[in-house]
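Below you'll find the structure, written out as structure tokens, and then a few comments.
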Amino acid sequence: MTSARTASPPHAARAAASGEAASARRAWQYVDSLTPHLFVPTAERPVRAKLRELSGDTRVLPHQHAWAQLAISVTGTVHLRVPSATFVVPPRRALWIPPGVEHAVTLVETAELRTLYIYQAEGQCGPGPGDSAANLWRRCRVLEVSELMRALVCDLPTLPDDAPAPSAAQLARERHVSALLLDELRQATQLDLRVDMPRDKRLHSLCQAVLDDPLAHDSLQAFAHNSGASPRTIARLFRQELGCTYLQWRQQVILAKAVELGASGLAIGQIAAELGYTPSAFSAMVQRACGLSPVRFLGMQTR
């Protein structure tokens, strides 16, 4: 992957300095998950929707639920963190979160975030009882959001339980929409936008710096230099904790950043340049890593 890069060292140095300055200036606003007890899903109302408009530089504190959750950003890209990984969720994507998984949300830009709380019967983990045996629903997954799913999500009522009770007709419609939505969710395509994070605190801190600025450490040697450890030690830690090499892990960071840039409206050529690639090298990397064209991977086919 290193040979495909075209960014010069001065460009990378400027990007690193810019990222460090931005981090130093950033003042995060911390908020809690806000009234989840007013949107508890039940067998009678299996899908509850909550709408929040959050400004950039907001972090939702770590929390968890007894039910499953689907986080969908209608506008703006969000980063969702679980104990072992970080996920990038741009518009036209959604993140499935199984019951009991602690998660925190970071917004790097203003976003309209719709959260679906999904009822799980005893022993269930998935959109329906028949999906419980599938281990894939027992871990967080980034999914494509079809136009139908997006329309169904936006149609669900977002009133809390302390609002006037819905009428019988409204409840009947909500159940129909919920059933179709769960079926659409079951058929959604999974995308690999997961960036695993190590448990080692020193390594975790440096990996977070790469997430904040993917151009800052373009080689294992550069990463190791900033850690104070030898390249051999860092390489061993990556294999032990993440089961991959540093460059393989960093490629996942690059792909996640590409999705974020694509969601902001940049063309593929601009995205490639921002990440230090030529357009052809970027396309080849995405195709090799994901088996998808950049247009499909970045969700541009619906624009």
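Against the definition (touching a Gly at 6+ places or on another chain (Cβ under 9 Å) and not acidic (Asp, Glu)), how does Ala263 come out, yes or no?
When the stated conditions are applied, Ala263 passes them.
Could you please find all residues in segment 184-218 being closer than 15 Å to Phe238 by Cβ, assigned to a loop (DSSP other than H, G, I, E, B) and touching a Lys or Arg at 6+ places or on another chain (Cβ under 9 Å)?
Those that are closer than 15 Å to Phe238 by Cβ, assigned to a loop (DSSP other than H, G, I, E, B) and touching a Lys or Arg at 6+ places or on another chain (Cβ under 9 Å): Met197, His217.
Identify, by number, the condition in (1) open to solvent by less than 50 Å² (accessible area, probe 1.4 Å); (2) at pLDDT below 90; (3) in a helix (DSSP H, G or I) that Val295 doesn't meet.
The number of the failed condition is (1).
Considering only segment 223-240, how many residues are basic (Lys, Arg) and in contact with a Ser or Thr (Cβ under 8 Å, 6 or more places away or on another chain)?
1
From Asp218, Asp161, Asp155, grab the single residue that is closer than 28 Å to Ile271 by Cβ and not β-branched (Val, Ile, Thr). Before the answer, list the steps.
Numbers: Asp161 fails: closer than 28 Å to Ile271 by Cβ; Asp155 fails: closer than 28 Å to Ile271 by Cβ.
Just one listed residue meets the conditions, Asp218.
Being under 15 Å from the mean Cα position of the chain (by Cα) and either surrounded by fewer than 20 Cβ atoms within 10 Å (Cβ to Cβ) or assigned to a loop (DSSP other than H, G, I, E, B) (or both) is the filter here, so list the residues in segment 115-140 that pass it.
Scanning segment 115-140 gives Arg139, Cys140.
Does Ser167 fit the bill of being of a type in the set (Ser, Thr, Tyr), open to solvent by 30 Å² or more (accessible area, probe 1.4 Å) and in contact with an Asp or Glu (Cβ under 7 Å, 6 or more places away or on another chain)?
Numbers: of a type in the set (Ser, Thr, Tyr): yes; open to solvent by 30 Å² or more (accessible area, probe 1.4 Å): yes; in contact with an Asp or Glu (Cβ under 7 Å, 6 or more places away or on another chain): no.
Answer is no for this residue.
Against the conditions (1) modelled with pLDDT under 90; (2) buried (at least 19 other Cβ atoms within 10 Å of the Cβ), where does Thr110 fall short? Just the number, please.
(2)
Being more than 21 Å from the chain's Cα centre (by Cα), at pLDDT below 85 and closer than 30 Å to Ala111 by Cβ: is that true of His225 here?
Considered against the rule, which asks whether it is more than 21 Å from the chain's Cα centre (by Cα), at pLDDT below 85 and closer than 30 Å to Ala111 by Cβ, His225 comes out as no.
If I ask for residues that are open to solvent by 40 Å² or more (accessible area, probe 1.4 Å) and closer than 14 Å to Ala111 by Cβ, which ones from segment 50-80 would you list?
Leu51, Glu53, Ser55, Asp57, Arg59, Thr75, His79, listed by residue number.
Which residue out of Arg150, Arg186 is modelled with pLDDT of 90 or more, surrounded by 14 or more Cβ atoms within 10 Å (Cβ to Cβ), out of contact with any helix residue (DSSP H, G or I) (no Cβ under 7 Å at 6 or more places or on another chain) and of a type in the set (Lys, Arg)?
Arg150
Evaluate the following for Arg288: is it open to solvent by less than 10 Å² (accessible area, probe 1.4 Å), under 22 Å from Pro90 (Cβ atoms), of a type outside the set (Ser, Thr, Tyr) and at pLDDT 90 or above?
When the stated conditions are applied, Arg288 does not pass them.
Take the conditions in a helix (DSSP H, G or I), open to solvent by less than 30 Å² (accessible area, probe 1.4 Å) and closer than 21 Å to Val145 by Cα and apply them to Ala281. Does it pass?
Judged against the criteria, Ala281 is not a match.
Kindly evaluate Glu274 against the criterion of being closer than 22 Å to Val108 by Cβ, at pLDDT below 90 and either open to solvent by 30 Å² or more (accessible area, probe 1.4 Å) or of a type outside the set (A, V, I, L, M, F, W, C) (or both).
no
The values are calculated or read from the model by the stated rules, or taken from the named source; none is laboratory data. Computed from a predicted model, the values in this text were never measured in an experiment. All Cβ positions, glycine included, derive from the backbone under ideal geometry; neighbour counts span all protein chains shown. These area figures cover heavy atoms from the full protein model, side chains too; ligands, DNA and RNA do not enter into them. Shrake-Rupley method; radii C 1.70, N 1.55, O 1.52, S 1.80 Å.
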